Amino acid sequence: RVHRAWPTTMLTRAHSAAFGARAMASARFAPAAHKIVSSRSVSTQLADEVPEAVSPAINAVVRNDWTREEIAAIYRMPFTELLHRAGTVHRQNFNPLEVQKCTLLSIKTGGCNEDCKYCAQSTRYKTFVKPQPMMSVDDVLEAAKRAKESGSTRFCMGTAWRELGNKKGAFGKILTMVSEVNSMGLEVCCTLGMVSKEQARDLKQAGLTAYNHNLDTSREHYPNVITTRSYDDRLQTIANVREAGISVCCGGILGLGETEDDRIGLLHELATMPEHPESVPVNALVPIDGTPLDVNSPPDVFQMARTIATARIIMPRSMVRLSAGRMSFSPLEQTVMFMAGANSIFSGDKLLTTPNPGKDEDAQLFDSLGIKGKPAFTSPLRPLQETAQAA
């Protein structure tokens with residue numbers, strides 16, 4: 001196979017040094033570099049051999065044994081090369097012109113007793129959110145119908161509490177909601193805090209497609225953000241959901257005061273789970289007045305795109321969801337994130353309690369880019385066995 005690239009004389013010394021530092025990750029990710037043929041003329045001589053990180057034979061491999069060093073080397077690649085790799089892996093597993101539209105509805109808003117420093121729904125902070133009772137089944141189903149009519153193929157329901165616990169009445173209503181939304185032909189996702197093995201089995205039986213339970217950030221930075229629920233509590237809920245046969249939706253939030261190493265640590269935690277999450281949401285902080293993190297700035301497009309692209313490479317079969325915080329980014333910046341491997345957005349003018357681009361804005365963006373909505377219940381292009389054989 002012939003690969004085209006810039007001549008090595010155009011590479012800076014800094015980039016050349018960086019390529020050497022990343023050799024370990026590249027060696028595990030791709031075979032040796034190829035000779036490069038100049039694009040100017042077939043009569044020109046073969047160019048000098050380009051460092052491996054520039055022109056690899058890119059292959060999407062499902063692995064669960066990534067090291068932090070390998071993930072860090074990928075995350076810190078030259079930006080355009082990182083986008084190229086991620087885009088190639090994306091095309092090996094998904095139609096790059098399909099982006100799933102999802103709708104997230106808060107069915108029980110406010111009144112949460114946890115201390116997540118970014119959250120408007122915590123009772124510990126004075127924010128604009130006031131506690132509300134759980135929505136009725138009929139109101140939720142009506143919202144699901146509107147979501148489907150607007151093009152969403154996944155409907156997500158969230159509650160503001162620490163855990164499902166002994167809320168039998170509320171749980172019964174939720175099971176009815178799940179069953180009825182499933183009957184509409186929509187993927188159904190819930191985020192209800194911590195759940196037991198038994199509750200996860202009940203949700204599966206009702207027809208739940210996916211369960212969202214984010215890790216938020218790295219294990220090291222986590223205590224700086226939340227103290228009322230441990231990192232291992234979150235991992236246990238994910239294990240309970242996985243055991244019940246429900247698809248796992250698990251990602252994090254950028255802008256929580258984390259370092260680059262923390263973002264790499266979060267990606268490492270996700271990519272070394274026994275099975276990769278089928279869905280990896282990447283959220284940008286929406287600073288809420290009254291919360292401890294209201295002084296924080298949202299991440300920039302490079303931080304978001306690097307995180308998305310790295311997730312796409314190390315978890316090639318996962319849906320990577322560009323989630324909360326899209327209002328911080330221009331259409332062009334969102335396009336960069338699609339090029340990095342994001343293939344899902346949340347549609348609708350509100351995401352739980354924070355603003356979100358409206359459906360008309362998203363329709364215009366999709367039309368400008370020539371992309372379309374991804375149908376419900378569609379799998380990656382290649383079977384898992386074929387992806388594994390590619391290793």
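The values are calculated or read from the model by the stated rules, or taken from the named source; none is laboratory data. What you see is a predicted model, and the numbers here were worked out from it, not measured in a lab. Methodologically, a virtual Cβ is constructed for each residue, glycine included, from the backbone with ideal geometry; neighbour enumeration extends over all protein chains shown. Please note that ligands, DNA and RNA were not included when accessible areas were found on the heavy atoms of the full protein model with its side chains. Shrake-Rupley method; radii C 1.70, N 1.55, O 1.52, S 1.80 Å.
Roughly speaking, what is the stretch gain from ARG162 to ARG68, that is 0.36 nm per residue apart minus the C-alpha to C-alpha distance, in nm to one decimal? The partial results should precede the final answer.
On the way: separation 94, 0.36 × 94 = 33.84 nm, distance 3.04 nm.
Gain in length upon complete extension: 30.8 nm.
If you roll a 1.4 Å probe over the heavy atoms of the protein chains, what accessible area per residue do you get for region 298-343, in Å²? Intermediate values should be presented prior to the final figure.
Working: 1220 Å² over 46 residues.
Per-residue accessible area for region 298-343 comes out at 26 Å².
Non-local amide H neighbours of MET157 (under 5 Å, H modeled in plane, Pro and chain starts lacking H): which ones?
LEU105, CYS189, CYS190, THR191
Between rounded, prolate and oblate, where does region 65-195 land on the alpha carbon gyration tensor, with a ≥ b ≥ c its root eigenvalues, rounded for a/c under 1.5, else prolate if a/b exceeds b/c?
Values: a/c = 2.45, a/b = 1.49, b/c = 1.64.
Verdict is oblate for region 65-195.
Shape call for region 96-158 from the C-alpha gyration tensor, a ≥ b ≥ c root eigenvalues: rounded (a/c under 1.5), prolate (a/b greater than b/c) or oblate? Numbers along the way, then the final one.
Numbers: a/c = 3.65, a/b = 1.67, b/c = 2.19.
It comes out oblate by the Cα gyration axes.
Using modelled amide H (1.01 Å from N, peptide plane; none on Pro or chain starts), what sits under 5 Å from the amide H of GLY111, excluding residues fewer than 5 places away?
THR123
Once you sort the root eigenvalues of the Cα gyration tensor of region 267-344 as a ≥ b ≥ c, which label holds: rounded (a/c under 1.5), prolate (a/b larger than b/c) or oblate (the other case)?
Numbers: a/c = 2.44, a/b = 1.46, b/c = 1.67.
It comes out oblate by the Cα gyration axes.
How would you rank 366-374, 330-338, 262-270, 306-314, highest first, on the average number of other Cβ atoms within 10 Å across their residues?
306-314, 262-270, 330-338, 366-374
For region 98-212, what does the accessible surface come to per residue with a 1.4 Å probe? Please give it in Å².
On the way: 4980 Å² over 115 residues.
It amounts to 43 Å² per residue over region 98-212.
Can you tally the net charge around ILE264? Count Lys and Arg as +1, Asp and Glu as -1, for every other residue whose Cβ sits under 9 Å from the Cβ of ILE264. Before the final figure, lay out the partial values.
On the way: positive: ARG68, ARG76, ARG263; negative: GLU260, ASP261, ASP262.
With Lys, Arg at +1 and Asp, Glu at -1, the net is 0.
Please tell me which of these pairs span more than 18 angstrom C-alpha to C-alpha: LYS108/LYS197; LYS101/LYS372; LYS101/LYS374; LYS167/LYS197? Don't skip to the end; give the middle numbers.
Details: LYS108/LYS197 22 Å; LYS101/LYS372 9 Å; LYS101/LYS374 7 Å; LYS167/LYS197 15 Å.
Exceeds cut-off: LYS108/LYS197.
As an exercise, find the ratio Rg/Rh for region 163-318 from alpha-carbon atoms, using the Kirkwood inverse-distance average for Rh. Kindly include the intermediate steps, with their values, before the conclusion.
Details: Rg = 16.3 Å, Rh = 16.5 Å.
Rg/Rh: 0.99.
Quick check: net charge around ASP138, other residues with Cβ under 14 Å of its Cβ, Lys/Arg +1 and Asp/Glu -1?
Numbers: positive: LYS145, ARG146, LYS173; negative: ASP139, GLU142, GLU180.
Its environment carries a net charge of 0.
Tell me, what does the Kirkwood hydrodynamic radius of region 213-260 come to in angstroms if you use every pair of distinct C-alpha atoms? Could the numbers behind the result be given before it?
On the way: mean 1/r = 0.0868 Å⁻¹.
It is 11.5 Å.
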